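For reference, the structure discussed in these notes is given below.
The values are calculated or read from the model by the stated rules, or taken from the named source; none is laboratory data. Treat the numbers as computed from the prediction; the structure is a model and nothing was measured. Every residue, glycine as well, gets a Cβ built from its backbone with ideal geometry; the counts of neighbours run over all protein chains shown.
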Amino acid sequence: MTAGDNVFGRLLGRAGSVPLEAPATPAFGLWMQLDQQGRVLDISSALRAQLAVRFGDTPSPSLRDLLCASSALSAEGNPVDWQRHSLDLDFQGPAGQVLHTRGWIERDREGWTLRLLDVGDLLAGRQLAEHREQNHQLASQMSEELQVCSLARLPEVFNEQLRSLSQRWHIPCVALALLDEEDQGWRIYSQYSAHDAPALWQTGQRLGTRLDSANGNAPVSVSGSQGRHDNPRLHSVFGDADGFLVPYRDAQGIVAWLLCGFFKGQSQTSERDWLHLTAALAAPLLGRLREQRNQQQLERVEALQGLLGTGWWELLPATQEIQLAPQLLHSLGQEDGAARQPLNLWLELIHPADRQELNSRLHDLQALGKPLLTSVRLQRTDAEQNPLWYRVQGLALGTGDNRRWIGFMLDISDIKNQQLQAAAAHARLDNLIASSPAVIYVQRYVNGALHPAFFSDSLTPLMGWTLAECTHDNLAALIHPDDRDLYFERTRQLLREGSVRSRYRVRDKQGSYHWLLDEAKLLRDDLGLPIEAVGLWLDVTEATLAAEHVKQSEERYRILVEDSPAMICRYRPDLTLTFGNTPLANYLECLPAQLPGLNLGQWLSDEQRQAFVQRIQRLTPEFPVSTAEISLQLPGREHAWWVWSDRGVFDEQGILLEVQAVGRDNTEVRRSQQQLTQSAKMATLGEMATGLAHEINQPLNVMRMAVVNVLKRLSNGDAQIDYLTEKLQRIDAQVQRAARVVDHMRVFGRRSEIEQQPFDPAQAIEGSLSLLSEGLRGKGVEVSVTPPAFAVQVNGYVDQLEQVLINLMVNARDALLSKRDKHPDFQPWIALHCEHDSRHVRILVEDNGGGIDPRLLERIFEPFFTTKPIGVGTGLGLSVSYGIVENMGGRLSVVNGEHGARFCVELPII
Ligand code: ADP
């Protein structure tokens, strides 16, 4: 062994100290001159320098004084006792070191000569060999333990090895750092520190690249405070502590370091031994870790294959077989199938449409080494289901005899079916866009302008143009000249604000313009600079034209309404006007603009307003229209009659929102009707003159008789008070009777009231009889009346109904008298009869005059229709009567009864 062989001798020794087992100078032989008492008289000069005791300081020291305590025993007694013995003597060196010697003693002239040989080397060599042997044993034991333990216990077992290492070499802190594959830095795999030592490292601690600075093939020592300047990075790993670190190197370079901290003791262990020890720890550990990684990798791959529905396969050309991963068999639904199966059998699983192609590609893979990539369907027994798609990929590995052909199969049914569906949806969408009146476009931003870059296929069917024809410059020319400014502004706004919506006309290939609604959005890059605009053209020509038409027709209707001679207005259900045209405004003596807000009801009497509101309330979405004649009290005017037609406007719930009304002034018609009625009334009166004379004559006759009788009695002087009283009372009664007739005539002759009033129809019957009955009886016509057994009310004019009844009775009288002219025995009668139901009251006037010629029945209500001689009949009686009854909401009708005509006046009961 040489000094250079032991790094620790060199590196670990304190300054000035010499390693224990290393002799500083080779000593070949040495002798000492001893006296009889064993005192040293002389030493050969070479040896003298190596001894602690210096001659000159102490004359003739005893041999024992020069020896170490341990070997002092061998020098007990005197030299004479030591003869013929082999002497092992350890001398004390000046710096504390020991000089091992072996020798014998011989007598010479004056005393004794001690002849010694330095056996330090021999002893050290033997110790070292023993030590190395132990080291090797320990190393192989550690190695074996690491190799045989289960992977789960590997960290624990490794830590035990570190502990025994620490204990054997008295190293307070030991750790193994491995190169971390992830971040290419060093990391403490495991560490052990003696219980009384501070832990320098933690398991799992990252050391980064600090250990790289210790790169080398030999152990590297780190010295504490004094060696700090050596390698500061390394030093930081050890803190302030002394220590050393041993590399383990494999094909990849250094992959592990054994770190030993607080290592103060000295060691016989050589560098080579340390390298060997470290390798014994690191190599099996790394192997086991690799094994663990491989196993995890395998587990991951297997799990992945299972999850993905994939698995590897390998062609075995020698046997024309294919080997399949268990997961693949499972995924193919072949759990019971063999892992190795004939290639043909496997190909049978593939859909016939894809089988041949796959086979040929497998062939290419084997023959030409051409990588395989294809998608195939599986042959499925159930044709209803979606096909199962697999991606088959394969490649050739290795060369020559080591050539292998492997690959995998992946279930891509989901993706494939989605792809097919997406393609179908895409095609449908393309179709839809192509056939829709919408064009999707993209305009690219180039130097502040937008250049058309894409149009959807719908452009050509819609406009006739292609993308090539719609370049940036052409497009502007296609815009309608009136809309060009609008288009340029649209582009500016789009670039400014990022989105725009506008509408302009674009010329198609045939030369006609389309109204296009343009909605565009600007896309910008990360820096906010415009890239392109994406937009949509919607052909809104029809809608635009329709809107134009609506506008035009609205305008026409507005003019129509404004210029219409009829009154047109709209009002809310509470009769507040929202609109009225000029004619209405004229009637109401204001401007059309002043009409909204006015209430129609203010020109109606209470009854009229009530009736009006009731009528409006009866409007429904099914029957939204109602027409009536209303009478109004207009400002500064007489009464006005308007024929008024209302149409209700309803919301979805059927609630009346407003009413649109059209009115026509009927006042003139109404007036002439009134005049007609009045004249007809006067005519009736005239006609009744004879009857009336009779009516008045009758009481006059009675009175004359009474007066004659009274006068006769007075001339006889037989005028009793009682008698006179009785006669005067009779006269008074007759005067009253005559007065009543005259009164009634006056009432009858008056103009009708302006507004209809409720009244009992019995009043009219009574009135007409008071004027006619006496006259009729005078003519021999029997009048029978069935008075109404009830009281009802109808709306209208009592005098006008009376006139109707008079007309009917006068007509009956005429028919009866003309019949009696022909048949003198004829007994004429007129019967008046009343009946009613819940809604109507009917007054029937019947005679036994023989009726009306059926051919004339249709015509008798016509004005001026008469069968009477000129000057007698006016032909107005029935037509006026008809108008009166109709005006009261009723109906006048006639049938030929058993004996003659039977007229019926039917009136609604209120
Ligand atoms: P006028 O009595 O002036 O002729 P009207 O309009 O009252 O006019 O009657 C029209 C016609 O109807 C009469 O001319 C007559 O022919 C017929 N007529 C009306 N009432 C009767 C009746 N009760 N019986 C038969 N004919 C009648």
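Just one of the listed residues (Leu892, Leu844) is more than 9 Å from the ligand (Cβ to nearest atom), under 26 Å from Thr677 (Cβ atoms) and crowded, with 20+ Cβ neighbours inside 10 Å, namely Leu892. Considering every residue within the stretch 416-433, establish whether at least one is in contact (Cβ under 8 Å) with a residue 12 or more places away in the chain, within 30 Å of Asp525 (Cα to Cα), out of contact with any Leu (no Cβ under 6 Å at 6 or more places or on another chain) and surrounded by 14 or more Cβ atoms within 10 Å (Cβ to Cβ). Yes - at least one qualifying residue is present in the stretch 416-433. Residues in the stretch 471-526 that are more than 15 Å from Tyr441 (Cα to Cα) and β-branched (Val, Ile, Thr): Ile479 alone.
When Arg713, Arg730 are checked against the criterion of being free of Cβ contacts under 8 Å to residues at least 12 places away in the same chain and surrounded by 14 or more Cβ atoms within 10 Å (Cβ to Cβ), a single residue qualifies: Arg713. Within the stretch 767-810, the residues that satisfy the criterion of being polar (S, T, N, Q), farther than 13 Å from Thr684 by Cα and either in contact (Cβ under 8 Å) with a residue 12 or more places away in the chain or within 16 Å of the ligand (Cβ to nearest atom) (or both) are Ser770, Ser784, Thr786, Gln793, Asn795.
Looking across the stretch 847-870 at every residue that is over 20 Å from Ile884 (Cα atoms) and among the basic types (Lys, Arg), the one that is nearest to the ligand (Cβ to nearest atom) is identified as Lys868.
Of all the residues that make up the stretch 242-259, how many are in contact with a Gly (Cβ under 8 Å, 6 or more places away or on another chain) and buried (at least 22 other Cβ atoms within 10 Å of the Cβ)? Qualifying residue count for the region: 3. Where helices (runs of 4 or more DSSP H) fall wholly inside the stretch 449-508, the ranges with 2 or more residues that are more than 30 Å from Arg428 (Cβ to Cβ) are 472-478, 484-497. On the stretch given as the stretch 384-426, residues that are among the small types (Gly, Ala, Ser) and modelled with pLDDT under 85 total 1. Within the stretch 744-766, being surrounded by 13 or more Cβ atoms within 10 Å (Cβ to Cβ) and free of Cβ contacts under 8 Å to residues at least 12 places away in the same chain holds for one residue alone: Glu766. Does Asp90 qualify as being acidic (Asp, Glu), in contact with a helix residue (DSSP H, G or I) (Cβ under 7 Å, 6 or more places away or on another chain), at pLDDT 80 or above and under 21 Å from Gln268 (Cα atoms)? In short, yes.
Taking (1) in a helix (DSSP H, G or I); (2) aliphatic (A, V, I, L, M); (3) closer than 30 Å to Ile806 by Cα in turn, Ile754 satisfies each apart from (1).
When you look at Leu876, is it more than 8 Å from the ligand (Cβ to nearest atom), within 24 Å of Met682 (Cα to Cα) and touching a helix residue (DSSP H, G or I) at 6+ places or on another chain (Cβ under 8 Å), yes or no? Judged against the criteria, Leu876 is not a match.
Out of curiosity, is Glu726 in a helix (DSSP H, G or I) and either closer than 30 Å to Cys569 by Cβ or out of contact with any Lys or Arg (no Cβ under 7 Å at 6 or more places or on another chain) (or both)? So Glu726 fits the description; yes.
In the list Gln673, Gln698, Gln617, which residue meets the criterion of being at pLDDT 80 or above and touching a helix residue (DSSP H, G or I) at 6+ places or on another chain (Cβ under 9 Å)? After ruling out the rest, the residue left standing is Gln673. Taking the numbered list (1) surrounded by fewer than 17 Cβ atoms within 10 Å (Cβ to Cβ); (2) touching a residue at least 12 places away in the same chain (Cβ under 8 Å); (3) not basic (Lys, Arg) in turn, Gln675 passes all entries but (2).
With the structure loaded, tell me whether Ala139 is in a strand (DSSP E or B), among the small types (Gly, Ala, Ser) and closer than 15 Å to Leu258 by Cβ or whether it fails that test. Criteria not met by Ala139. Does at least one position in the stretch 205-213 carry a residue that is within 28 Å of Ala251 (Cβ to Cβ) and hydroxyl-bearing (Ser, Thr, Tyr)? Yes, the conditions are met somewhere in the stretch 205-213. Of the residues screened, Val157 is not one that is buried (at least 17 other Cβ atoms within 10 Å of the Cβ), farther than 16 Å from Arg288 by Cβ and not hydroxyl-bearing (Ser, Thr, Tyr). One residue stands out among those in the stretch 828-841 that are in contact with a helix residue (DSSP H, G or I) (Cβ under 8 Å, 6 or more places away or on another chain) and away from the ligand (no atom under 16 Å from the Cβ): the one that is farthest from Gly890 (Cα to Cα), which is Cys834. Within the stretch 857-879, is even one residue acidic (Asp, Glu), crowded, with 17+ Cβ neighbours inside 10 Å and in contact with a Gly (Cβ under 8 Å, 6 or more places away or on another chain)? Scanning the stretch 857-879, I find no residue that is acidic (Asp, Glu), crowded, with 17+ Cβ neighbours inside 10 Å and in contact with a Gly (Cβ under 8 Å, 6 or more places away or on another chain), so the answer is no.
The rows are residues; the columns are (1) surrounded by fewer than 19 Cβ atoms within 10 Å (Cβ to Cβ); (2) in a loop (DSSP other than H, G, I, E, B); (3) in contact (Cβ under 8 Å) with a residue 60 or more places away in the chain.
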residue	(1), (2), (3)
Gln161	no, no, yes
Arg168	yes, no, no
Glu181	yes, yes, no
Tyr192	no, no, no
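Please indicate, with yes or no, whether at least one residue in the stretch 606-618 is among the β-branched types (Val, Ile, Thr) and part of a strand (DSSP E or B). No: the stretch 606-618 contains no residue that is among the β-branched types (Val, Ile, Thr) and part of a strand (DSSP E or B). The combined condition, being touching a residue at least 12 places away in the same chain (Cβ under 8 Å), closer than 19 Å to Pro530 by Cβ and surrounded by 12 or more Cβ atoms within 10 Å (Cβ to Cβ), is fulfilled by Leu475. The residues of the stretch 555-574 that are of a type in the set (Lys, Arg), under 28 Å from Val613 (Cα atoms) and not in a loop (DSSP other than H, G, I, E, B), listed by number, are Arg558, Arg570.
Condition check for Leu575 on (1) on the phi < 0 side of the Ramachandran plot; (2) at pLDDT 90 or above; (3) not polar (S, T, N, Q): one failure, at (1).
With respect to (1) in contact with a strand residue (DSSP E or B) (Cβ under 8 Å, 6 or more places away or on another chain); (2) assigned to a loop (DSSP other than H, G, I, E, B), the lone exception for Ile440 is condition (2).
Count, please, the residues in the stretch 811-827 that happen to be more than 16 Å from the ligand (Cβ to nearest atom) and either within 60 Å of the chain's Cα centre (by Cα) or closer than 26 Å to Gly749 by Cα (or both). Result for the stretch 811-827: 0.
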